[in-house]
1. Which ones in region 253-267 are crowded, with 20+ Cβ neighbours inside 10 Å and either within 15 Å of VAL224 (Cα to Cα) or outside the structural domain of VAL236 (by TED's automatic domain parsing) (or both)?
2. Can you name every residue in region 89-101 that is polar (S, T, N, Q) and at pLDDT below 95?
3. What's the number of the condition PHE20 fails, among (1) in a helix (DSSP H, G or I); (2) more than 19 Å from the chain's Cα centre (by Cα)?
4. Quick check on LYS98: is it charged (D, E, K, R), in contact with an Asp or Glu (Cβ under 9 Å, 6 or more places away or on another chain) and surrounded by 21 or more Cβ atoms within 10 Å (Cβ to Cβ)?
5. Which of the residues that make up region 226-283 are under 19 Å from MET334 (Cβ atoms), touching an Asp or Glu at 6+ places or on another chain (Cβ under 8 Å) and among the charged types (D, E, K, R)?
6. Here is a list of conditions, (1) out of contact with any helix residue (DSSP H, G or I) (no Cβ under 9 Å at 6 or more places or on another chain); (2) on the phi > 0 side of the Ramachandran plot, and SER166 meets all of them except one; can you say which number that is?
7. Please work out which residue is farthest from ILE3 (Cα to Cα), limiting yourself to region 234-250 and to residues that are hydrophobic (A, V, I, L, M, F, W, C) and surrounded by fewer than 20 Cβ atoms within 10 Å (Cβ to Cβ).
Amino acid sequence: MNIVDYISYYGRHSFDEKEFNEVDNLIFSMLSYVDYSDVFRKDITIGEAGNLYIEKHGDKKYVLPSINDGIEVLKGVYKSNRFKDIEMSNYYYDANEKSQFSAVTFKINKRLYYVSFEGTDSLLSGWEEDCRMAYKFPVKAHLKAIDYLNRNFLLKHCDLIVGGHSKGGNLALVASMYASIIVKRKIKTIYSNDGQGLRKAQINSKFYKSIRDRYIHIIPNYSVVGLLLRNEDNYVVVKSNKKGFFSHSGLTWQVSYDHLEKEHLSRFSKVFDDGFSKWLDKYDDEKRKMFVEEVFKLFYENDIKSIEEIKLNKEFLITLFNTSKTLDESVKEMAKDLIKVIAKTNLEYPLF
């Protein structure tokens, strides 16, 4: 079973009949990948949003799997009794050449709300922002996530579950850490579904300690993204039916009745985690910053602005890196070291 099967099996039960669980968390976290810009209105329900979205967009497919996964989940939930009448509010999307951020809130019952932060979409600016997390804190998306919680829930009498998938999980964690004390008291649980960790300073901070007992970090047994940066070893490992980077998709996570099936972390993930941590330790923030800026500058100079363009121009991309005369030699050296980490990991299973 996966979450689509869970929706079919438990979709007839309301949240009053069957209380919120970790599978529901994954579903709400993935629904934020859908672009509701042309269907959203105040207090629209999931059922209404699903109807309008399918009417306008049909079976349109995207290059980025996470967006397609979110749409598939929406198609699964918008007619189910469990989800169709849940109100959506505070939908917000903001993206430019430096940052990408989106969030939406789901009203589970009169008292309980799930705040879902979107992971990285297809815009290259969002991926660059992800990479900036290796040398900078906070990035712009962090500030927007903190503001989203404070602006929408400071004066609201409610309980909150805050979550997200991938980068959205990282945003859920950071927003909860740095929310105002009034909002922070309303947060009951924080879910990061295969989201990146933190920098050393933040994971050792009083802000992390203030929410640690409410933080649940879920990663698949072949996790890559969820092991980036620094993490405590307190994550929940769940079983995916895919290996390597493909396990990042929440649709591959296995469900047993009303919970995610637990598993041990694979050697693949342990090798990657060890190699990437050593790569981070080898280079200071200035070196990491130069690496990220130089690589993405190369993309923008060649008018590459989205993941779709990279996937459609793989051969061009390889040629670009091999022939570029603008890349600093130290950047090329860092790239080679990172490729070695990936190559060593690939000895067990392909990463892509």
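1. Passing the criteria: TRP253, SER266.
2. Our first condition is that a residue be polar (S, T, N, Q); within region 89-101, this holds for 89-90, 96, 99-100.
Residues satisfying the conditions are ASN96, SER99, GLN100.
3. Of (1) in a helix (DSSP H, G or I); (2) more than 19 Å from the chain's Cα centre (by Cα), only one is false for PHE20: (1).
4. No; evaluated as a whole, the condition is false for this residue.
5. LYS282, the sole residue that qualifies.
6. Failed condition: (1).
7. Within region 234-250, the first condition is being hydrophobic (A, V, I, L, M, F, W, C), and the residues that meet it are 236-238, 245-246.
Narrowing the set further to residues that are surrounded by fewer than 20 Cβ atoms within 10 Å (Cβ to Cβ) leaves 236, 245-246.
Values: VAL236: 17, PHE245: 19, PHE246: 16 Å.
Checking each candidate, the answer is PHE245.
Residues checked against (1) surrounded by fewer than 16 Cβ atoms within 10 Å (Cβ to Cβ); (2) under 25 Å from HIS217 (Cα atoms); (3) touching a residue at least 60 places away in the same chain (Cβ under 8 Å); (4) among the basic types (Lys, Arg):
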| residue | (1), (2), (3), (4) |
| --- | --- |
| GLU19 | yes, yes, no, no |
| ASN25 | no, yes, yes, no |
| TYR33 | no, yes, yes, no |
| ILE44 | no, no, no, no |
| ALA49 | no, no, no, no |
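The values are calculated or read from the model by the stated rules, or taken from the named source; none is laboratory data. Here the structure is a predicted model, which is why all the values come from computation and not from measurement. A quick note on method: Cβ atoms are made from the backbone with ideal geometry, for glycine too, and the neighbour counts reach across all protein chains shown.
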